[in-house]
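Here the structure is laid out as structure tokens; the discussion comes afterwards.
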Amino acid sequence: QVQLVESGGGLVQPGGSLRLSCAASGTTRSLPSMGWHRQAPGKQRELVATFTTGGSTNYADSAKGRFTISRDNAKNTVYLQMNSLKLDDTAVYYCQAWDWGVAYWGQGTQVTVSS
């Protein structure tokens with residue numbers, strides 16, 4: 001059973017930066033598809049950025065140019081560097097991974113952008 005643990009959320013001013021981390025455990029292999037979603041209050045969960053099974057990256061339009069997803073396969077960890085944060089980026093950010101056709105989610109980490 002894969003477990004995902006996120007960290008790195010917090011309170012930041014508009015224009016600031018945060019780096020989120022998601023560590024996967026419960027598996028001995030590097031998970032090919034890992035990524036980040038977010039859910040703002042009153043809104044549906046949406047994709048932010050992800051690695052596809054083919055190894056490419058996919059970003060939401062709102063994240064392009066500001067957010068960068070990266071990974072450390074040796075640590076089975078995926079990161080999300082978020083720069084130029086905006087008020088609209090306020091949300092709970094969830095890590096997601098696929099393993100043998102099953103989707104796993106982390107517990108989420110709160111990101112609040114406020115002046």
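The values are calculated or read from the model by the stated rules, or taken from the named source; none is laboratory data. Values in this document were obtained by computation on a predicted structure and should not be read as measured data. Virtual Cβ from ideal backbone geometry, glycine too; neighbours counted across all protein chains shown. Surface accessibility is based on the protein's heavy atoms, side chains included, excluding ligands, DNA and RNA. Shrake-Rupley method; radii C 1.70, N 1.55, O 1.52, S 1.80 Å.
Before moving on, here are some points about what is shown:
- Here Thr50 clears all of (1) part of a strand (DSSP E or B); (2) open to solvent by 70 Å² or more (accessible area, probe 1.4 Å) except the condition numbered (2).
- Tallying residues that are at pLDDT 95 or above, within 11 Å of the chain's Cα centre (by Cα) and hydrophobic (A, V, I, L, M, F, W, C) within the stretch 28-50 yields 4.
- Extreme residue, surrounded by the most Cβ atoms within 10 Å (Cβ to Cβ), among residues of the stretch 84-107 that are more than 14 Å from Ala49 (Cα to Cα) and among the charged types (D, E, K, R): Asp99
- Residues within the stretch 52-78 that are β-branched (Val, Ile, Thr) and touching a residue at least 24 places away in the same chain (Cβ under 8 Å), tallied: 4
- One residue from Gln110, Gln39, Gln81 being closer than 22 Å to Gly15 by Cβ, touching a residue at least 24 places away in the same chain (Cβ under 8 Å) and loosely packed, with under 15 Cβ neighbours inside 10 Å: Gln110
- Residue in the stretch 22-44 that is assigned to a loop (DSSP other than H, G, I, E, B), on the phi > 0 side of the Ramachandran plot and touching a strand residue (DSSP E or B) at 6+ places or on another chain (Cβ under 7 Å) present: yes
- Residues that are open to solvent by less than 50 Å² (accessible area, probe 1.4 Å) and either closer than 15 Å to Gly108 by Cβ or in a strand (DSSP E or B) (or both), drawn from the stretch 65-78: Phe67, Ile69, Ser70, Asp72, Thr77, Val78
- Scanning the stretch 53-63 for residues that are assigned to a loop (DSSP other than H, G, I, E, B) and either of a type in the set (D, E, K, R) or open to solvent by 50 Å² or more (accessible area, probe 1.4 Å) (or both) yields a total of 6.
- The residue that is surrounded by the fewest Cβ atoms within 10 Å (Cβ to Cβ), among those in the stretch 4-27 that are over 21 Å from Leu47 (Cβ atoms) and at pLDDT 95 or above, is Gln13.
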